[in-house]
1. Of all residues being of a type in the set (S, T, N, Q) and over 16 Å from ALA8 (Cβ atoms) in region 244-263, which is surrounded by the fewest Cβ atoms within 10 Å (Cβ to Cβ)? Just the residue, please.
2. Looking for whichever is without any contact (Cβ under 8 Å) to a residue 40 or more places away in the chain and among the basic types (Lys, Arg) here; the options are LYS234, LYS263. Which one fits?
3. Considering only helices (runs of 4 or more DSSP H) fully contained in region 223-299, which possess at least 2 residues that are closer than 22 Å to TYR47 by Cα and either within 18 Å of the chain's Cα centre (by Cα) or hydrophobic (A, V, I, L, M, F, W, C) (or both)?
4. Scan region 133-151 residue by residue and report those that are of a type in the set (Val, Ile, Thr) and closer than 17 Å to ASP192 by Cβ.
5. Out of everything in region 1-35 that is in contact with a helix residue (DSSP H, G or I) (Cβ under 6 Å, 6 or more places away or on another chain) and of a type in the set (Val, Ile, Thr), what residue ends up being surrounded by the fewest Cβ atoms within 10 Å (Cβ to Cβ)?
6. So which residues in region 115-127 are surrounded by fewer than 18 Cβ atoms within 10 Å (Cβ to Cβ) and outside any loop (DSSP other than H, G, I, E, B)?
7. Given the residues SER60, SER119, SER94, which is the only one that is among the small types (Gly, Ala, Ser), at pLDDT below 85 and under 16 Å from the mean Cα position of the chain (by Cα)?
Amino acid sequence: MSLLTEFAQLNTSKYKRFFVIGCSFTEWYWPTWANIIAEQNLHLEFYSFAKPGQGNTYISTLLNQLTHTHNLCETDLVGIMWSSFHRLDYYTSSTNLEYTIRHRPEIEKNSLHNWRMHSDSIHAQLKQGAEKEGYCDRGFLLRDLAIIDNATTVMEHAPYTAFQMYSIEPEQQNSYDPSFNNIYRDNSDAIDTYSHLQHKMVSKTSLFNEMGNTYTTPTVTWIPSNEPEDSSKKEVDCHPPSSIYCQFLQNNGYTLTPRTLDKCKFFDAKIQKTTWSMQLQNNKDWPYKVMMQNKDWPL
C-alpha cells in the first residue's frame, strides 16, 4: 500500500491488524508508543513482536518473516521503531553450537528466547565481554543504515501500510553509547549517503531527542527482576516513561485523546510507586509483560 511519512496520513479505520517490531523502546514494563496507539484504536488486533535488547538485524528479519507467516496484506498496519545501532543480535536454535553437535537436541523454535545478543552497546562489551573484534561504531553505522535502507524499499512496495521511526538518529548513536562520550568521530560521509532515510520516517525527531539526548535520567529506581523482592540491590531504569512517549507522538503529529494522556499519567504514577520490577510482571491484571511472553514467534 504505502510507507507513511507523516502521522497525519494515518487513518486507522482502514486497518484490521496492527503489527509492531522493535526493542525495549517498543515493548517494556509500561506503555510505549506502540501500546498508546493500539489502545487508542481498539478495533485493531494488536500484535507486538518487539523484544527488549534486540537490534536492527532482528527487526528487519522479523519484518520479512511476518510478511510470509502472517500474510500481511492491505488491511494490515505495521509500525517499526528502529533500535540503537551498536548491538550484535543473533538467532540460536539451541544452547550453543558445541552442545548441538554433541547431543543433537530437538530444534528450539518459535520462541522469543531464540533471539539473543552479545551486548547492548560497545560500552557494555568493553566492560564485560572477552571478545572485542567486530565492535566498531562505523561498522555498526554502515550495517544498520543499509538494513534500514533495504527495509524501507521493501515497505514502500509492500501490500500493507507501514511507518517507521528512529529511536536514536544515526548521527546520535555515539552520544547514546557511553564509550564515545566527548569523542569526535567523523562519519559524516555515511550519514550523508543515507540522509534520504530521514524523509522516509513518520517522525521528524527521535525518541532520544524527546529524552533530552541522554539516557541517564531514571524513570524509576527499583529491585532488578533477577533479584528476590527483599533484595537490597537496586537499579535505575532510564527507559522513557509513558508521558514522554505521548510527547514524542504529539510532537510528531499524532493526535492523542485526553483519556489517553490521563491514562499514561496514571501508569507513570504507578511505576514510580513500584519497588521491584517483577511486581507488576507477576500481577495478572498488569497488561504490559516483557518477561513472560508466551506467544509464538514466526520461526
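The values are calculated or read from the model by the stated rules, or taken from the named source; none is laboratory data. In this text, all values refer to a predicted model and were calculated from it rather than measured experimentally. All Cβ positions, glycine included, derive from the backbone under ideal geometry; neighbour counts span all protein chains shown.
1. Filtering region 244-263 down to residues of a type in the set (S, T, N, Q) leaves 247, 250-252, 255, 257, 260.
The next check asks that each one be over 16 Å from ALA8 (Cβ atoms); those that pass are 247, 257, 260.
Numbers: GLN247: 18, THR257: 9, THR260: 18.
So the residue we want is THR257.
2. LYS234
3. By residue number, 242-251, 258-272.
4. Matches in region 133-151: ILE148 only.
5. So, considering only residues that are in contact with a helix residue (DSSP H, G or I) (Cβ under 6 Å, 6 or more places away or on another chain) and of a type in the set (Val, Ile, Thr), the one surrounded by the fewest Cβ atoms within 10 Å (Cβ to Cβ) is VAL20.
6. ARG116, HIS123, LEU126, LYS127
7. Just one listed residue meets the conditions, SER119.
Table: residues versus (1) touching a strand residue (DSSP E or B) at 6+ places or on another chain (Cβ under 8 Å); (2) under 14 Å from ARG87 (Cα atoms).
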{"residue": "GLY134", "(1), (2)": "no, yes"}
{"residue": "ASP137", "(1), (2)": "no, yes"}
{"residue": "LEU141", "(1), (2)": "no, yes"}
{"residue": "ALA146", "(1), (2)": "no, no"}
{"residue": "ASP149", "(1), (2)": "no, no"}
{"residue": "VAL154", "(1), (2)": "no, no"}
{"residue": "GLN164", "(1), (2)": "yes, no"}
{"residue": "GLN173", "(1), (2)": "no, yes"}
{"residue": "ASN181", "(1), (2)": "no, no"}
